[in-house]
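*Asks:* Sharing a structure, written as structure tokens. Questions coming.
The values are calculated or read from the model by the stated rules, or taken from the named source; none is laboratory data. All values derive from a computational prediction rather than experimental measurement. We place every Cβ from the backbone using ideal geometry, glycine too, and count neighbours over all the protein chains shown.
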Amino acid sequence: MLAAFHEDALRDKAVRAFAQKVSLSIYQEYVDLQEDSPAKVTVTLNDGRTIERTKYYATGSQKVPISVQQIKAKFDVCAAEAVDKTTAERIYATLSTLGE
């Protein structure tokens with residue numbers, strides 16, 4: 001997932017062309033619910049049909065927690081950007097003991 005934010009990906013002509021088709025709107029029905037961070041994605045297809053999906057709580061929030069395995073997988077992906085695997089394992093082991 002992080003690879004999507006690397007400079008080469010951000011310079012990709014197909015990505016940039018697609019980005020021109022994306023817009024951001026505030027859905028008025030969610031204005032008073034900002035604390036819960038609801039989000040709605042609406043995709044309009046070339047033939048005019050629309051597909052909508054709503055998510056009221058972010059994955060990883062207190063209301064939609066992620067598993068220990070998902071946390072570890074996310075940590076590994078992020079850490080790989082900065083340190084070698086052995087160092088990442090040591091950091092994770094240390095972080096895992098915080099709060100005990």
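*Asks:* Please go through the range 55-100 and give me each residue that is closer than 28 Å to Pro38 by Cα and among the basic types (Lys, Arg), ordered by number. Quick ask: steps written out before the conclusion?
*Replies:* In the first step, residues of the range 55-100 are kept if they are closer than 28 Å to Pro38 by Cα; the result is 55-78.
Listed by number, the residues that qualify are Lys55, Lys63, Lys72, Lys74.
For every residue, the table says whether it meets (1) among the aromatic types (Phe, Trp, Tyr); (2) within 21 Å of Lys63 (Cβ to Cβ); (3) not in a loop (DSSP other than H, G, I, E, B).
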| residue | (1), (2), (3) |
| --- | --- |
| Arg16 | no, no, yes |
| Lys21 | no, no, no |
| Ser25 | no, no, no |
| Glu29 | no, yes, yes |
| Asp32 | no, yes, yes |
| Val41 | no, yes, yes |
| Gly48 | no, no, no |
| Ile51 | no, no, yes |
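*Asks:* Sort through Asp47, Asp36 and tell me the only one that's surrounded by 10 or more Cβ atoms within 10 Å (Cβ to Cβ) and either of a type outside the set (Val, Ile, Thr) or in contact with a Pro (Cβ under 7 Å, 6 or more places away or on another chain) (or both). Quick ask: steps written out before the conclusion?
*Replies:* Numbers: Asp47 fails: surrounded by 10 or more Cβ atoms within 10 Å (Cβ to Cβ).
Exactly one residue qualifies, and that residue is Asp36.
*Asks:* Applying the selection to the range 59-77, what residues are among the small types (Gly, Ala, Ser) and touching a residue at least 12 places away in the same chain (Cβ under 8 Å)?
*Replies:* Ser61
*Asks:* How many residues, within the range 76-100, are over 20 Å from His6 (Cα atoms), modelled with pLDDT under 95 and either among the acidic types (Asp, Glu) or in contact with a Leu (Cβ under 7 Å, 6 or more places away or on another chain) (or both)?
*Replies:* Going through the range 76-100 one residue at a time, the tally reaches 1.
*Asks:* Counting only residues that are more than 15 Å from the chain's Cα centre (by Cα) and touching a residue at least 60 places away in the same chain (Cβ under 8 Å), how many does the range 78-100 have?
*Replies:* 1
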